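The structure under discussion appears below in the form of structure tokens.
The values are calculated or read from the model by the stated rules, or taken from the named source; none is laboratory data. Computed from a predicted structure; not experimentally measured. When we count neighbours, we look across all protein chains shown, and the Cβ atoms used for this are built from the backbone with ideal geometry, even at glycine. Surface areas here come from the heavy atoms of the whole protein model, side chains and all, with no ligands, DNA or RNA. Shrake-Rupley method; radii C 1.70, N 1.55, O 1.52, S 1.80 Å.
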Amino acid sequence: MLTRRPRRNRKSVGVRQMVQETQLTVDDFIFPLFLIEGENKKEEVSSMPGIYRYTLDLLLEEVGECVALGINSYCIFPSLGEDKKDSLATEGSNPEGIYQIALRSIKEKYPDTVVMTDVAMDPYSSDGHDGIVKEGKIVNDETLEVLGKMALAQAKAGADIIGPSDMMDGRIGYIRDVLDDNGYTDVSIMSYSAKYASAFYGPFRDALDSAPKFGDKKTYQMDPANVKEALIEAELDYVEGADFLMVKPALSYLDVIKTLADNFDVPITAYNVSGEYAMLKAAAQNGWLENDKTMLEMLLSIKRAGASAILTYFAKEAAVLLNK
Ligand code: PBG
């Protein structure tokens, strides 16, 4: 006879629930939302069914609905017209720009929410890159100044967490100094530490119209082949003062999430990116995968790998299911 029968611990719902190692809850989610200029407009992102770009008035309504579902954390991304873009991403630090106005409005209307930002030049840059372009190259140290200004403007507008997604060297320490020197010692930094040069960002770049005008992002975003390099990036961000270390994308990088979770004591977060969302939506629309179960399995796997919070476009849908 068999002494060890692992199936005994799977024999009923009650037993399965008792031995479940990982639980997904609404508290795990950070919901990314796309902001556009104007009023009373809501446009579906064609490559992300169910995800919209909102003008501020409707974005506030959307946040209200999500708060009612228990989602407490949000990350806002702006989509600007070409007329607002320049080579130095000046609009990114304009206190009266749509982004800063939106941050202020969300915090005013929903003071208990956690509002996270994105720090990178691409939505505001006429070159579509995350840093300053000079002679076809992305220059690191001059970019830090722009990022510092952007982060400060966001902190002044009430951001709880600054999210540098640019992958320039030294940006976490630089931004930490700027924040501290201006009295924003309480504003957190969630660093996109291991951000890979990934094909999974395609739908996001459609949503923001932020694709690079030339070349690619491989001189600053990481090579998908590397995991040791993620440890170097994470170590630097930790030493420079990051409060959270993020891995992005999530699903093809679960080993990276696990490696960082095993090696660092600050919370590890993961960005379940646009292409990961689009893949499931496309399969579900074709009837090839069952949306709800597949979605929850994906999110659970990210948490099981070691992520303590997940940026995900599935947040609202998943919240509805988890609240049942
Ligand atoms: C901008 C930024 C990107 C994403 C988040 N911040 C795109 C990029 O680096 O090109 C991607 C998010 C997603 O695909 O959902 N720096």
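Would a scan of the range 189-200 turn up a residue that is outside any helix (DSSP H, G or I) and either away from the ligand (no atom under 14 Å from the Cβ) or of a type in the set (Asp, Glu) (or both)?
yes
Across the range 216-233, what is the total count of residues that are more than 12 Å from the ligand (Cβ to nearest atom), part of a loop (DSSP other than H, G, I, E, B) and either touching a residue at least 12 places away in the same chain (Cβ under 8 Å) or under 30 Å from Thr55 (Cβ atoms) (or both)?
4
I'd like to check something: does the range 245-255 contain any residue that is under 23 Å from Gly170 (Cα atoms), away from the ligand (no atom under 15 Å from the Cβ) and not hydroxyl-bearing (Ser, Thr, Tyr)?
yes
Taking the range 209-233, which residues are touching a Lys or Arg at 6+ places or on another chain (Cβ under 8 Å) and surrounded by 20 or more Cβ atoms within 10 Å (Cβ to Cβ)?
Residues satisfying the conditions are Gln221, Met222.
Go through the range 256-283 and report how many residues are away from the ligand (no atom under 15 Å from the Cβ), hydroxyl-bearing (Ser, Thr, Tyr) and either open to solvent by less than 20 Å² (accessible area, probe 1.4 Å) or modelled with pLDDT under 95 (or both).
Number satisfying all stated conditions: 0.
Quick check on the range 310-317. Is at least one of its residues over 16 Å from Ser73 (Cβ atoms), touching a strand residue (DSSP E or B) at 6+ places or on another chain (Cβ under 9 Å) and surrounded by 15 or more Cβ atoms within 10 Å (Cβ to Cβ)?
no
Among the listed residues Asp206, Asp169, identify the single one that is within 13 Å of the ligand (Cβ to nearest atom) and surrounded by 14 or more Cβ atoms within 10 Å (Cβ to Cβ).
Asp206
If you check Ile138 against the conditions, is it over 20 Å from the mean Cα position of the chain (by Cα), at pLDDT below 95, open to solvent by 20 Å² or more (accessible area, probe 1.4 Å) and within 16 Å of the ligand (Cβ to nearest atom)?
yes
Can you find a residue that is open to solvent by less than 10 Å² (accessible area, probe 1.4 Å), within 15 Å of the ligand (Cβ to nearest atom), modelled with pLDDT of 95 or more and under 26 Å from Tyr174 (Cα atoms) anywhere in the range 286-301?
No, because not a single residue in the range 286-301 is open to solvent by less than 10 Å² (accessible area, probe 1.4 Å), within 15 Å of the ligand (Cβ to nearest atom), modelled with pLDDT of 95 or more and under 26 Å from Tyr174 (Cα atoms).
Val63 fails exactly one of the following numbered conditions: (1) open to solvent by less than 60 Å² (accessible area, probe 1.4 Å); (2) not in a helix (DSSP H, G or I). What is the number of that condition?
All conditions pass for Val63, except number (2).
Which residues, counting only those in the range 234-243, are on the phi < 0 side of the Ramachandran plot, surrounded by fewer than 21 Cβ atoms within 10 Å (Cβ to Cβ) and either outside any helix (DSSP H, G or I) or within 16 Å of the ligand (Cβ to nearest atom) (or both)?
Within the range 234-243, Glu240, Asp243 meet the criteria.
Report whether or not Val114 is of a type in the set (Val, Ile, Thr), surrounded by fewer than 19 Cβ atoms within 10 Å (Cβ to Cβ) and farther than 21 Å from Cys75 by Cα.
Details: of a type in the set (Val, Ile, Thr): yes; surrounded by fewer than 19 Cβ atoms within 10 Å (Cβ to Cβ): yes; farther than 21 Å from Cys75 by Cα: no.
No.
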